[in-house]
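Novice: First the structure, then my questions, so here it is.
The values are calculated or read from the model by the stated rules, or taken from the named source; none is laboratory data. Every value quoted in this text rests on a predicted model; they were computed, and no experiment measured them. Don't worry about glycine lacking a Cβ; one is built from the backbone with ideal geometry, like all the others, and counts go over all protein chains shown. Note: areas computed on protein heavy atoms with side chains; ligands, DNA, RNA excluded. Shrake-Rupley method; radii C 1.70, N 1.55, O 1.52, S 1.80 Å.
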Amino acid sequence: MANDIDNTDLKILRQLQDNSRLTTKELAAAIHLSTTPTFERMKRLEREGYIKKYMAVLDAEKLNCGFVAFCYIKMKQHTYENGMRIMEAVQSINEIAECYNISGDYDFLLKIYVADMKSYQRFILRILGDLDCIGSLSSSFVLGEVKNSHTIPLPE
């Protein structure tokens, strides 16, 4: 962690991870600091990239995207071009919420949201199937969500 972040900054980050809709006044009260320095610190944390963005966490079930699959992908050949094609392709595929370039038996891990198993089948055949740089894939399906946290563990 950078040297220019102190305990007050960590308090701000903890509060915003829990609720990014806090007003500056509410945030200042929670960390026991006045609003102007709280606002200035928050803007600095944004500017320096500690805070990447603010977002709402949506309910996938209510939006008919509650079928979650993890898809492990192996490239056909381990070339720079194939890796780049996959990384570029996933950027524009809405069903893919997360993509990681991983080590081990597979090259990429995708987290995919669709409506149901039939939708996932169509996704695999019509979207991922069109990427000829993919050699093979393996899927795991979420049976139940035990923990889904977007928080980063911060030092106390």
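Novice: When both residues are 6+ apart or on different chains and their Cβ atoms are under 6 Å apart, which pairs have a first residue that lies in segment 101-112 and is at pLDDT 95 or above, and a second that is small (G, A, S) and open to solvent by less than 30 Å² (accessible area, probe 1.4 Å)?
Specialist: Hits for this filter: I112/A69.
Novice: Report every pair of residues separated by at least 6 positions or lying on different chains whose Cβ atoms are under 9 Å apart, first residue within segment 38-50 and at negative phi, second surrounded by 12 or more Cβ atoms within 10 Å (Cβ to Cβ) and modelled with pLDDT under 95.
Specialist: That search, which allows pairs on different chains as well, returns L45/I5; E48/I5; Y50/I5.
Novice: Take the residues of segment 55-76 that are more than 18 Å from E145 (Cα to Cα) and at pLDDT below 95: which is surrounded by the most Cβ atoms within 10 Å (Cβ to Cβ)?
Specialist: Residues of segment 55-76 that are more than 18 Å from E145 (Cα to Cα), as a first pass: 55-56, 72-76.
Imposing the further condition that a residue be at pLDDT below 95 reduces the set to 55-56.
Numbers: M55: 8, A56: 6.
Looking at residues that are more than 18 Å from E145 (Cα to Cα) and at pLDDT below 95, I get M55.
Novice: How about segment 124-140: which of its residues are hydrophobic (A, V, I, L, M, F, W, C) and either under 18 Å from the mean Cα position of the chain (by Cα) or open to solvent by less than 60 Å² (accessible area, probe 1.4 Å) (or both)?
Specialist: Listed by number, the residues that qualify are I124, I127, L128, L131, C133, I134.
Novice: Now, a different point. Spot the failing condition for Y106; the list is (1) surrounded by 14 or more Cβ atoms within 10 Å (Cβ to Cβ); (2) within 30 Å of G135 (Cβ to Cβ); (3) out of contact with any strand residue (DSSP E or B) (no Cβ under 7 Å at 6 or more places or on another chain), and only one is missed.
Specialist: Unmet condition: (3).
Novice: For the subset of segment 100-156 comprising residues that are of a type in the set (F, W, Y) and not in a loop (DSSP other than H, G, I, E, B), which member is nearest to K76 (Cα to Cα)? So that I can check it myself, show each step before the final result.
Specialist: Let us first name the residues in segment 100-156 that are of a type in the set (F, W, Y), namely 100, 106, 108, 113, 120, 123, 141.
Among the residues that remain, those that are also not in a loop (DSSP other than H, G, I, E, B) are: 100, 108, 113, 120, 123, 141.
Values: Y100: 17, F108: 12, Y113: 24, Y120: 22, F123: 19, F141: 23 Å.
If we take residues in segment 100-156 being of a type in the set (F, W, Y) and not in a loop (DSSP other than H, G, I, E, B), then F108 is nearest to K76 (Cα to Cα).
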